[in-house]
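Contents: one structure, followed by commentary.
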Amino acid sequence: MKQVRPKKNLGQHFLTDLSIAKRIADTVDACPDIPVLEVGPGMGVMTQFLIEKPRPLTVVEIDSESVEYLMQRFSWSEERNLVSGDFLRMDLHELFGGRPFVLTGNYPYDISSQIFFKMLDNRDLIPCCTGMIQREVALRMAAEPGTKAYGILSVLVQAWYQVDYLFTVEPDVFNPPPKVKSAVIRMTRNEVKQLGCDEVLFKRLVKTVFNQRRKMLRVSLRQLLPGDSPLYTEQAALLTRRPEQLTIAEFVELTNMVDKSLCASTVG
């Protein structure tokens, strides 16, 4: 079979180390007995190990050359399904008849954040997500409050998932080698069913304050709240802090405060 040429415009870096491919594929065992969805299989270096597992598997590939290669390399069936398409545009409820599944893959660097935001939008379908991403992104996702890496992705993902940084992968096991290190992570759905605040406002608030992360909350919040809001005096101590100093629970509390203040100003 003709080898697939990695395409720069798709952010393709094909993993060549089979032992690492197997280690990544085995991360899906953290959520056994449910189907697996692999995004961006490329030439199937992970697929060959996933396909051996006794569970339904669907792989989604946007590159037509890779799809042709995968069609020839593996035997496909109703339980082992190859889909040609863009994961970011798919209705995930249609993939396994609405059943929950594990999301995994060697994710393209340039769309990994978009993949995880789609995961968050479909969190009730995805109890577990694993895979390989840029190390810097992995560190941000797993970061704790008070650290430099803690930011928008940390808060929005950790609100719903337990994030585990599993291991680092060096550039020389890829074709072509990326310019940065990669990392394998596992995200497991936590027990949170409802945040206890307006989730749309929560997301907006988190993004707003981290976009000015070096400023105190009392400064960055002015994009959401008028300057004469009583909140600035009632919560003066809290609002002298910077966003990376807040836990997720504190972001939920702050969202409720802002929501209450906005409602009061509207009524007034």
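Quick notes on this one:
- More than 17 angstrom apart: percent of Cα pairs within the range 120-166: 30
- Taking a straight line from the alpha carbon of Lys193, these aspartates and glutamates sit under 14 Å away, with near neighbours fewer than eight places off in the same chain left out: Asp121, Asp124.
- Angstrom value of the Kirkwood radius, inverse mean 1/r, which spans all Cα pairs in the chain: 20.1
- Counted residue by residue at 0.36 nm each, then reduced by the alpha carbon distance between them, the extension gain from Glu52 to Asp172 reaches 40.5 nm.
- Helix 248-267 axis, angle to the chain major axis (alpha carbon atoms, nearest 10°): 50
- For the range 1-106, the ratio of Cα radius of gyration to the globular rule of thumb 2.2 N^0.38 Å stands at 1.01.
- Separation of the Met216 and Lys181 label points, Cα + 7 Å toward Cβ, nm: 3.7
- Take every DSSP beta bridge whose two residues both sit in the chain; close to 50 percent of them are antiparallel.
- Kirkwood Rh in Å, taken over all unlike Cα pairs in the range 50-193: 16.4
- Taking the longest Cα principal axis of the chain as reference, the axis of helix 199-210 is set at about 80 degrees.
- Cα-centred dipole magnitude for the chain, charges only on beta-carbon of K, R (+1) and D, E (-1), debye, nearest 20: 900
- Cα-based equivalent ellipsoid of the range 116-242: semi-axis lengths in Å, sorted from largest, via gyration tensor: 32, 18, 11
- Site-free segments of the chain were taken between GluC sites (Glu not before Pro) in DSSP loops having at most 11 other Cβ atoms within 10 Å, sites themselves excluded; the longest one is 79-190.
- The angle between the Cα long axis of helix 64-73 and the longest principal axis of the Cα atoms of the chain comes to about 50 degrees, rounded to the nearest 10.
- Its residue count N fixes a reference of 2.2 N^0.38 Å for the range 199-268, and the Cα radius of gyration divided by that reference is 1.00.
- Stretching Arg80 away from Phe117 to a fully extended chain increases their span by 10.7 nm, per 0.36 nm per residue minus the current alpha-carbon distance.
- Each part reduced to its alpha carbon centroid, the range 25-60 and the range 117-148 end up 19 Å apart.
- Only protein atoms count toward the accessible area here, which uses a 1.4 Å probe; on the range 1-146, the carbon and sulfur part of that area reaches 48 percent.
- Shape call, the range 69-138: gyration tensor on alpha carbons, a/c limit 1.5: oblate
The values are calculated or read from the model by the stated rules, or taken from the named source; none is laboratory data. Computed from a predicted model, the values in this text were never measured in an experiment. FYI the Cβ positions are ideal-geometry reconstructions off the backbone, even for glycines, and counts take in every protein chain you see. Heads up: the accessible areas ignore ligands, DNA and RNA and are worked out on the full protein's heavy atoms, side chains in. Shrake-Rupley method; radii C 1.70, N 1.55, O 1.52, S 1.80 Å.
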